[in-house]
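A short write-up of the structure that comes next.
The values are calculated or read from the model by the stated rules, or taken from the named source; none is laboratory data. Not measured: the values here are computed from a predicted model. Note: ideal-geometry Cβ built from the backbone for every residue, glycine included; neighbour counts use all protein chains shown. The area values use the complete protein model at the heavy-atom level, side chains included, leaving out ligands, DNA and RNA. Shrake-Rupley method; radii C 1.70, N 1.55, O 1.52, S 1.80 Å.
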Amino acid sequence: MHTKLEIVTDSIKLSLNTETLLFIIETPGHIWRQSESFCPGFVMDDGSILPFSGADVVSHDRYKSGVGEGILSHYEWKDLGFSFETLCWVETATQAVRFELIPGDGSLSFRKILYPGYFSFEKKSPTAYTVMPVLQGLLIPNTWENEVGKLPFDGQFCSSGAYMPWFGQVEDKSGYIAICETPWDAGYYVDHPAGSTYTHVGTYLLPSLGEISYRRIIKYVFSDNCDYNDLCKIYRSYAIEMGLLTTLREKAARNPLVDDLIGSVVVHKGIKKHVSPDSRYYDKDNPGNNDSVVPFSARTAEIKRYHDKGVPKLYLHLDGWGAPGYDNQHPNYLPACPEAGGWDGFKELSDTITDCGYLFGLHDQYRDYYMDAATYDKEFALHAPDGSVFEMSVWAGGRQNYLCATQVPYYVKRNFEEILRHGIRLQASYLDVFTCNELDECAHPRHRMTRKECLEYRSACFNYLWSKGIIPSSEECSDWAMKTLVFCHYGPYDFMLQSPGSPRHGIPVPLFNLVYHDCMILPWFMDKTDSEDYMLYAMLNAGAPYLDRDGAYPNTDGAFDAEAEKRLDEEIARCAVVTGLQEKLAKCEMLRHEFLSEDCSRQRTTFSDGTTVTINLKTGDYEIR
C-alpha cells in the first residue's frame, strides 16, 4: 500500500505518492497531476533508464524553513556509492512551488536526468494549450492535428530551442508557468504526436562536466485566471527581479547609436564565397558555383543607390568580408578580402556608409574552429569529459571543431583591434551563433569551462564591443544576453525557417516580445508567400524590416525567395511603413497579443503607449490605432 505525504499552505496543497514518486499540486481552482506515464530517473549513456525508485535507500521527510515547507526525499545506491536528494517545497511569500535536485555523495555517468515530471494534460479541447519559447513562441492546442516534432538543439535552454527558460500550460483559464532558474545545464522536451489530444512537456537536466555538480531549481507559478499573456508577464516580472531585463532606453543612454538603429531598414549582403570540397554545400556538379567575389566598390555603389532613393536610415550587415570568404578559416579571418579591394576598398565602403548617415556592422564567427585556420591547434578546441573532440564538415569552410569559449575574447579583441587600426568605422557588429547555438562545456584541464562560464565568456565579447562604442548583435535573442545585446539577425516564428507550405508545429505567438519587446531590436522578414505577407508580422511585432537579404546558404535561415531582383521602390515604400511604426513603438512594452478570429488570421497587439496594431493575414490588411 502506498503512502501519501501532504503539505497544505495558503493556496497550495502538495501531495507525494511515495510509491510512484509522482506529485499532485492542488490550487483553489484546479488539480495538476504528474502523469502516471512519467518515471523520474537517469537516462544512462546507453539510453537505458535508471529510475529514482530503483535506489537501495529511498526516504521522505517533511521539510520546513523560515520561508516555506515541503517534502525532502533522499536516494542512495549503496553499491555505486552514489546519492542525491530532491526537494519540492512551497515558498510562503509567493506560493510558488519549487522542485530542486541536490547533489549528494559519489558520482554517476549519465546522459540526462528526467525531473520533475510532466503533468497529465489530456483534455480534448482547444482551450487546453501549451506555450513554449521555441524561437519567438509557439502555442499548441491539445487538439492540434500536427506532430510538434523535435525542438531545435533538443530544447536546450539558452538556445534557439528556448529563447527563455520556461514553458507553460493553460486549461480553461487555469494555468502554470515552469521557470528553470538554473538553465545552463537543462532543457525541455515536448510530446504531441499527430492526431493526439494531449501535450506532455517537461524538463531534463544535463550533467555539468560529468556531474550533477550543483543544486538545480525549477519554479512553478500557478494561476486560476490566466492566459499566455499573463504567463509572459509573470516571466517579465521574474526577469526584472533577476536583473535580466534591460530596456532600449537604458541601452540608448549608454550608446546613442541605439536610437539611430531604431527605424533603420536592414540590408544583408556578402563579399566573398568559397565552399570547400569538404563542405556539405559543395556543388560537385557545378564547381564554378563554389566561388564568387563581389567587390567592396559594388557594395559602396549600392549604399549610394539606397541613399539616392531617399532611404533615411539603414544598417548594412556584411558577410564574407575577410580574405578566406564567408564561414572559412575562423577565427583567422583577416585581412580584408584582397580580391574585393582589400583594406582600401573596405575603408571606402565604411566611409561611404558613415557619410550617408547609415550604420555598418560585420559578420564574424568565434565558435566554429576551422582546421585550416593559420592558428588552429586542436588543444584549444572543446574537449568532452571523455577526452573526445567533436568534428564536422557542414559549413563552407569544411572540417572544423568548436573553439573553447575561454579563448574567444582574446580572438575578438585581436581581430577588432586590427580592423579599427585600418580606419574601418563600425557602428555595430555581429558575433555569430552566440545566442542561437547551445552553450558549450570543455573538460580540457588547461581551459576547463562549464556551460555557465561559456555564457559569461560570450557576454564578455559583447561587453568588449560596448567598450569600443560598437553596438553588439548576434544571431538570435536568448534572454541570458538581454543585459548586453541590442539587436540580432532575427527572432522569427519557427514556421518562417521552414519551406513555405510545410506543416506547422503549432500556432505562432510572440512570447519573446511579450516579455522583451522594449529591450531588443528584432529584424523581420518582408517576404510574400502564396498565402501570407510576412510584412504583417513585422507590423504586429513593431520590428525592423529587411530591405534586402542575401541568404548565406540556399534554403536556410528563411531564405527561400528565388527571385533575384526585387522591385526596390516598392520594397522601400513597404519598409517605410514598418520603420515608422517601429520608431514609435520600439521602446514600448508589448502589453498583450490577441487572436480576433477562430482561424487566427486576425490578430492584435497592444503596446504600453496605447497603440494597437491589428492585422488580417487573409486579406493582407492592417490597422494602426
Checklist line | Ordering of 466-477, 304-315 by burial proxy (mean other Cβ atoms within 10 Å per residue, highest first) | finding: 466-477, 304-315
Note to self: Under 5 Å between amide hydrogens, which residues at least 5 positions from Leu522 or on another chain qualify, with H placed 1.01 Å from N in the peptide plane?
What the structure shows: Ala544
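Using the Kirkwood formula on the Cα atoms of the range 429-489, what hydrodynamic radius do you get, in angstrom to one decimal?
11.9 Å
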Checklist line | Rounded Å value of the spacing that divides the Cα centres of the range 397-435 and the range 172-242 | finding: 34 Å
Next item on the list: Round to the nearest 0.05 the FRET efficiency obtained for Thr9 and Arg421 when R0 = 41 Å and r is the Cβ-Cβ distance.
Entry: 0.05
Check: With +1 on each Lys and Arg Cβ and -1 on each Asp and Glu Cβ, how big is the dipole of the chain about its Cα centre, in debye rounded to the nearest 20?
Finding: 1140 debye
Notebook entry, point to check: Given a cut-off of 22 Å, what percent of all Cα-Cα pairs of the range 462-539 lie beyond it?
Noted result: 32 percent
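Rounded if a/c is under 1.5, else prolate if a/b beats b/c, else oblate: with a ≥ b ≥ c from the C-alpha gyration tensor eigenvalues square-rooted, which is the range 67-134?
oblate
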Item checked: As computed over the range 353-460, the Cα convex hull volume per residue (Å³) -> 120 Å³
Check: Whose amide H sits under 5 Å from the amide H of Tyr188, counting only residues 5 or more places off or on another chain, with H placed in the peptide plane?
Finding: Gln156, Phe157, Tyr204
Next item on the list: Report, to the nearest whole %, how much of the accessible area of the range 242-369 belongs to carbon and sulfur atoms, 1.4 Å probe, protein only.
Entry: 49 percent
Next item on the list: At 1.4 Å probe size, with every protein chain present, just tell me what the per residue accessible area of the chain comes to in Å².
Entry: 39 Å²
Notebook entry, point to check: Mind checking Rg over Rh on the range 1-127, alpha carbons, Kirkwood formula for Rh?
Noted result: 0.99
Note to self: Through the Karplus equation 6.51 cos²θ - 1.76 cosθ + 1.60, θ set to phi - 60°, convert the phi angles of the range 277-291 into ³J(HN,Hα) values in whole Hz; use x for Gly and Pro.
What the structure shows: x, 6, 6, 4, 8, 5, 8, 5, 6, 10, x, x, 6, 8, 9
Check: When the Debye formula is applied to the Cα atoms of the range 278-369, each taken as the same point scatterer, what base-10 log of I(q)/I(0) results at q = 0.11, 0.15 Å⁻¹?
Finding: -0.38, -0.66
Notebook entry, point to check: Looking at the P(r) of the range 244-287, how many percent of alpha-carbon pairs lie beyond 14 Å?
Noted result: 69 percent
Note to self: Can you give the Rg/Rh ratio of the range 220-348, where Rg is from the C-alpha atoms and Rh is the Kirkwood radius?
What the structure shows: 1.17
Next item on the list: Please list, in chain and number order, the residues 5+ apart from Arg111 or on another chain whose amide H is under 5 Å from its amide H, with Hs placed from the backbone.
Entry: Val43, Met44, Asp45
Notebook entry, point to check: Quick one: Cα convex hull volume of the range 387-433, Å³ per residue?
Noted result: 114 Å³
Margin query: Percent of Cα-Cα pairs more than 16 Å apart in the range 332-397, please.
Written below: 64 percent
Notebook entry, point to check: Roughly what % antiparallel, to the nearest 5, for the DSSP beta bridges in the chain?
Noted result: 80 percent
Margin query: With an 8 Å Cα cut-off and a minimum separation of 6 or more residues, compute the relative contact order for the range 94-185 in percent.
Written below: 22 percent
Next item on the list: Compute the Kirkwood hydrodynamic radius of the chain, taking the inverse of the mean of 1/r over all pairs of distinct Cα atoms, and give it in Å to one decimal.
Entry: 25.8 Å
Notebook entry, point to check: Starting at 0 and stepping by 5 Å, how many percent of the alpha carbon pairs of the range 147-260 end up in each bin?
Noted result: 2, 10, 16, 18, 19, 15, 9, 7, 3, 1, 0
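Can you check what the Kirkwood hydrodynamic radius comes to for the range 144-187, Cα pairs only, in Å to one decimal?
Numbers: mean 1/r = 0.0851 Å⁻¹.
Roughly 11.7 Å, rounded to one decimal.
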Notebook entry, point to check: For the residue pair His74 and Asp372, what label-to-label distance in nm results when each label sits 7 Å from Cα along the Cα-to-beta-carbon direction?
Noted result: 6.1 nm
